[in-house]
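Reading through the structure tokens given below for one structure.
The values are calculated or read from the model by the stated rules, or taken from the named source; none is laboratory data. The model shown is predicted, which means the values in this text are computed figures rather than measured ones. Note that each Cβ is placed from the backbone with ideal geometry, even for glycine, and that neighbours are counted across all protein chains shown.
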Amino acid sequence: MESIVVNGISKWYGKEKLVALKNVSFTVNHGEIFGIIGPDGAGKTSLFRILTTLLLADEGSATVEGKDVVKQYKQIRNEIGYMPGRFSLYQDLTVKENLTFFATIFNTTIKENYHLIKDIYVQLEPFNDRRAGKLSGGMKQKLALCCALIHKPTVLFLDEPTTGVDPVSRKEFWEMLGKLKEQGITILVSTPYMDEASKCDRIALIQNGSILATDTPNAIRQSFDLMLYKAKSHNTALLLKDIRHYSKNLYAYAFGEHVHITFKAGEIDIEELKMNLIERKHHDIILEPDDATIEDCFIQMLRA
Amino acid sequence: MTIWMRCFTGLQEVQKEQSDKLQDMKQFLAFIKKEFVHVIRDRRTLLILFGMPIMQILIFGFALSNEIKNSKIIIVDKADDVASRELISKIDASKYFEVSNERISESEIEPAFQKGKLKIVMVIPAQFNLDLHHSGVSQIQLIADASDPNTANLLVNYVSAIVKDYQSEISVPGIIPYRILPETRMLYNPQLKSAHNFVPGVMALVLMLVCVMMTAITIVREKETGTMEVLLVSPLRPWLVMVAKAVPYLVLSWVNVTTILILSVTVLNLPFNGSLLLLFAESTLFIITCLTLGIFISIMTNSQQVAMLISLMGMLLPTLLFSGFMFPLENMPEVLQWISNIIPARWYYVIVKDIMIKGLGFASLYKETLALVVITLFFFIISIKTFKQRLA
């Protein structure tokens with residue numbers, strides 16, 4: 001049932017042995033969307049390159065569809081689809097030319113696998129004769145996805161496909177991945193956006209080359225065992241400072257337009273905190289319990 | 001039964017192999033088509049690629065030429081007799097000189113030079129005709145502005161040639177000939193035409209620039225934009241990528257060679273004595289050498305700038321210095337002469353010169369051809385050995 005098996009992969013670069021990946025292990029099942037979530041520089045791209053047979057790991061092993069990434073790299077290259085992070089297509093080729101080219105080098109035609117890319121391609125078809133370089137960011141990503149899909153891969157590797165894409169296009173993009181999943185394609189996708197984590201079946205949180213946790217997004221959220229409050233006042237920046245000042249037993253950080261406060265149950269009296277803030281001349285105070293997001297979990301794991 | 005089965009599976013394998021080859025071919029052609037689109041859509045580069053040889057030929061041919069046309073010559077004719085007038089009109093008739101109408105005395109020669117423009121003065125002594133016919137020996141004096149020694153030397157040679165020509169014209173066979181000047185015969189290039197030297201040089205330079213630099217850049221560009229990653233993670237054979245990248249530049253180079261040849265024959269009036277087919281065959285060999293070099297550079301580098309720098313510093317500069325087209329190899333220290341042997345353009349330069357101007361055939365060029373083949377094979381093998389199936 002496993003599509004991708006990663007077993008104790010480590011990778012370091014250069015003479016200084018800068019660590020990119022540290023003993024990374026996880027498995028991805030057939031037909032699931034597996035997200036690698038982590039900030040820039042966490043080692044996501046190195047991991048993708050190792051799995052797509054482009055880099056050799058210094059330690060550990062990995063298989064894709066049962067094939068070893070080192071010994072059977074040629075077979076793997078025949079059946080996977082890969083969209084690198086900085087992949088920018090051929091800017092001087094038109095939409096159609098790009099797609100036709102990638103179809104041909106993967107021994108297929110647009111017609112043959114049209115059903116796979118149909119949903120995405122209908123949006124691109126009006127721009128068939130436009131050069132890829134003149135497309136918007138979202139359109140470019142869609143075209144790149146089409147190019148990676150055109151040969152009906154069994155496993156699809158998408159390295160930060162939504163970086164630099166507007167929110168609407170991002171949403172559409174994830175809807176497409178859902179449709180591809182229905183076709184039975186295993187998808188390994190990386191993203192620095194925590195809010196996209198919930199769209200995956202399972203996720204792995206990665207930081208500094210190490211996997212912090214691997215589970216379903218819900219399970220990870222439920223594993224959050226602290227109290228979480230969100231707070232807001234007329235001056236949120238000052239609020240954050242004052243809350244931090246209040247006690248060493250809590251941890252507060254900016255979260256969008258709110259401040260998130262986490263603490264162990266019973267260590268903080270929230271009413272007392274509110275009184276303290278009013279004394280410090282905050283008004284329009286909102287202070288209420290909230291559900292932990294993946295980002296909160298991530299922040300907590302980083303502190304631990 | 002089992003034999004039949006084996007036959008059947010064998011047949012299937014053969015068919016599979018054939019369809020594999022067919023697929024390879026299809027991918028290869030699609031790739032070449034894409035490369036042509038890249039080249040054609042990049043108008044600015046295309047203009048440079050086609051314009052460069054034309055510009056270079058015209059610049060070297062006219063502006064930078066050290067050939068002399070219509071130089072002003074002042075003649076101090078103290079004889080003013082039949083022979084002197086004949087000689088003067090002969091000089092005036094040549095396209096190299098324009099005899100000035102100015103009449104000056106011997107003492108005015110130096111001031112005339114100092115005014116500039118004037119490069120040469122010829123003094124014909126009194127009784128020029130008389131001396132010539134009576135004693136058979138006469139003298140003329142040539143005074144040239146040697147601040148530009150090359151030009152001065154050329155002008156003196158030209159005048160001497162014309163005088164000698166005149167001499168043999170008036171000599172009557174059977175009678176003791178008039179005084180004979182020391183013979184100066186210049187093989188293949190009697191008029192010291194500079195175009196003879198630079199056309200093969202420009203050809204080597206242009207091909208080097210187009211093939212080495214452009215090929216290296218175009219492959220490295222795929223690395224930079226991340227498309228190389230996708231190409232590697234595809235069934236496409238990586239070396240096919242390299243070869244497909246080189247094909248458009250091979251075609252482009254043929255066009256450039258043709259342009260240069262047409263220009264040099266029509267505009268520069270250069271002779272073409274050898275076999276056109278042989279020249280194209282040798283040019284193709286040199287183009288392949290350059291393409292291999294370009295591929296080699298692209299394998300070693302990861303950014304377009306580095307690829308360009310290496311192509312320019314590592315290839316173009318040595319081509320200029322060591323091909324023998326700007327600086328004669330014979331005058332170089334032995335070490336540098338030895339180094340020049342590994343510069344492909346040095347051999348190609350000799351090949352083009354020998355075919356175009358001397359009209360030699362392959363028999364006398366096998367050494368140079370062999371040198372090119374060896375260099376090509378060397379870089380080809382290194383490229384294959386160092387080619388990476390992965391990113392690092």
Selected residue (criterion: surrounded by the most Cβ atoms within 10 Å (Cβ to Cβ)) from residues of the range B:92-109 that are charged (D, E, K, R) and over 40 Å from the mean Cα position of the chain (by Cα): B:108
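The rows are residues; the columns are (1) assigned to a loop (DSSP other than H, G, I, E, B); (2) outside the structural domain of residue A:33 (by TED's automatic domain parsing); (3) in contact with an Asp or Glu (Cβ under 7 Å, 6 or more places away or on another chain); (4) of a type outside the set (Asp, Glu).
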{"position": "A:81", "(1), (2), (3), (4)": "no, no, no, yes"}
{"position": "A:121", "(1), (2), (3), (4)": "no, no, no, yes"}
{"position": "A:133", "(1), (2), (3), (4)": "no, no, yes, yes"}
{"position": "A:148", "(1), (2), (3), (4)": "no, no, no, yes"}
{"position": "A:184", "(1), (2), (3), (4)": "yes, no, no, yes"}
Residue list for the range B:71-91, restricted to those being farther than 18 Å from residue B:168 by Cβ and surrounded by 14 or more Cβ atoms within 10 Å (Cβ to Cβ): B:71, B:72, B:73, B:74, B:75, B:76, B:77, B:78, B:79, B:81, B:85
Subset tally (residues that are outside any helix (DSSP H, G or I) and either buried (at least 17 other Cβ atoms within 10 Å of the Cβ) or touching a Lys or Arg at 6+ places or on another chain (Cβ under 6 Å) (or both)) for the range B:309-326: 3
Residue that is surrounded by the most Cβ atoms within 10 Å (Cβ to Cβ), among those in the range A:101-126 that are more than 14 Å from chain B (Cβ to nearest Cβ) and among the charged types (D, E, K, R): A:119
Residues being touching a residue at least 12 places away in the same chain (Cβ under 8 Å) and either in a helix (DSSP H, G or I) or among the aliphatic types (A, V, I, L, M) (or both) - total across the range B:351-392: 25
Lone qualifier among A:96, A:44 - being surrounded by 24 or more Cβ atoms within 10 Å (Cβ to Cβ), under 26 Å from residue A:141 (Cβ atoms) and assigned by TED's automatic domain parsing to the domain that holds residue A:191: A:44
Of residues in the range B:67-91 being β-branched (Val, Ile, Thr) and part of a helix (DSSP H, G or I), the one nearest to the chain's Cα centre (by Cα): B:91
Unmet criterion (only one of (1) at pLDDT 80 or above; (2) surrounded by 20 or more Cβ atoms within 10 Å (Cβ to Cβ)) for residue B:126: (2)
Filtered residue count, the range A:145-203, keeping only those that are in contact with a strand residue (DSSP E or B) (Cβ under 8 Å, 6 or more places away or on another chain) and among the charged types (D, E, K, R): 7
Odd one out for residue A:297, checked against (1) surrounded by 14 or more Cβ atoms within 10 Å (Cβ to Cβ); (2) over 30 Å from residue A:4 (Cα atoms): (2)
Checking residue A:79 against (1) more than 12 Å from chain B (Cβ to nearest Cβ); (2) surrounded by fewer than 18 Cβ atoms within 10 Å (Cβ to Cβ), the condition it does not meet: (1)
Selection count where residues are touching a Phe, Trp or Tyr at 6+ places or on another chain (Cβ under 8 Å) and either small (Gly, Ala, Ser) or away from chain B (no Cβ under 14 Å) (or both), scope the range A:132-144: 6
Members of the range A:52-74 that are within 10 Å of chain B (Cβ to nearest Cβ) and under 21 Å from the mean Cα position of the chain (by Cα): A:52, A:53, A:54, A:55
Index of the failed condition, residue A:98 passing every other in (1) at the interface with another protein chain (Cβ under 10 Å from one of its Cβ atoms); (2) assigned to a strand (DSSP E or B); (3) farther than 19 Å from residue B:389 by Cβ; (4) not β-branched (Val, Ile, Thr): (2)
Pairs where the first residue, in the range B:233-251, is more than 10 Å from chain A (Cβ to nearest Cβ) and the second is of a type outside the set (D, E, K, R) and surrounded by fewer than 17 Cβ atoms within 10 Å (Cβ to Cβ), C-beta under 6 Å, 6+ apart: B:248/B:36
Condition broken by residue A:247, with the remaining ones in (1) under 30 Å from residue A:30 (Cβ atoms); (2) small (Gly, Ala, Ser); (3) more than 22 Å from the chain's Cα centre (by Cα) satisfied: (1)
Single residue of A:166, A:129 found to be over 18 Å from residue A:81 (Cβ atoms), more than 11 Å from chain B (Cβ to nearest Cβ) and modelled with pLDDT of 90 or more: A:129
Residue list for the range B:16-59, restricted to those being among the acidic types (Asp, Glu) and either outside any helix (DSSP H, G or I) or modelled with pLDDT under 85 (or both): B:17, B:20, B:24, B:42
Residue A:18 vs. criteria within 12 Å of chain B (Cβ to nearest Cβ) and of a type in the set (A, V, I, L, M, F, W, C): no
Any pair with Cβ under 8 angstrom, 6 or more apart, that starts in the range A:259-281 at a residue that is of a type in the set (Gly, Ala, Ser) and ends at one that is surrounded by 11 or more Cβ atoms within 10 Å (Cβ to Cβ) and assigned to a loop (DSSP other than H, G, I, E, B): A:265/A:226
Where residue B:388 falls short, out of the listed (1) within 14 Å of chain A (Cβ to nearest Cβ); (2) under 16 Å from the mean Cα position of the chain (by Cα): (2)
Single condition residue B:117 does not satisfy, out of (1) over 15 Å from residue B:76 (Cα atoms); (2) out of contact with any strand residue (DSSP E or B) (no Cβ under 8 Å at 6 or more places or on another chain); (3) touching a residue at least 24 places away in the same chain (Cβ under 8 Å): (2)
Test: residue in the range B:153-172 that is at pLDDT below 65 and assigned to a loop (DSSP other than H, G, I, E, B): no
2 or more residues outside the structural domain of residue A:41 (by TED's automatic domain parsing): qualifying strands (runs of 3 or more DSSP E) within the range A:204-304: A:227-232, A:250-255, A:258-263, A:286-289
Single unsatisfied condition, residue A:85 versus (1) touching a residue at least 60 places away in the same chain (Cβ under 8 Å); (2) away from every other protein chain (no Cβ under 14 Å): (2)
Qualifying residue in the range B:366-373 (condition: among the β-branched types (Val, Ile, Thr), surrounded by 13 or more Cβ atoms within 10 Å (Cβ to Cβ) and under 25 Å from residue B:224 (Cβ atoms)): no
Residue within the range A:165-180 that is part of a loop (DSSP other than H, G, I, E, B) and under 20 Å from the mean Cα position of the chain (by Cα) present: yes
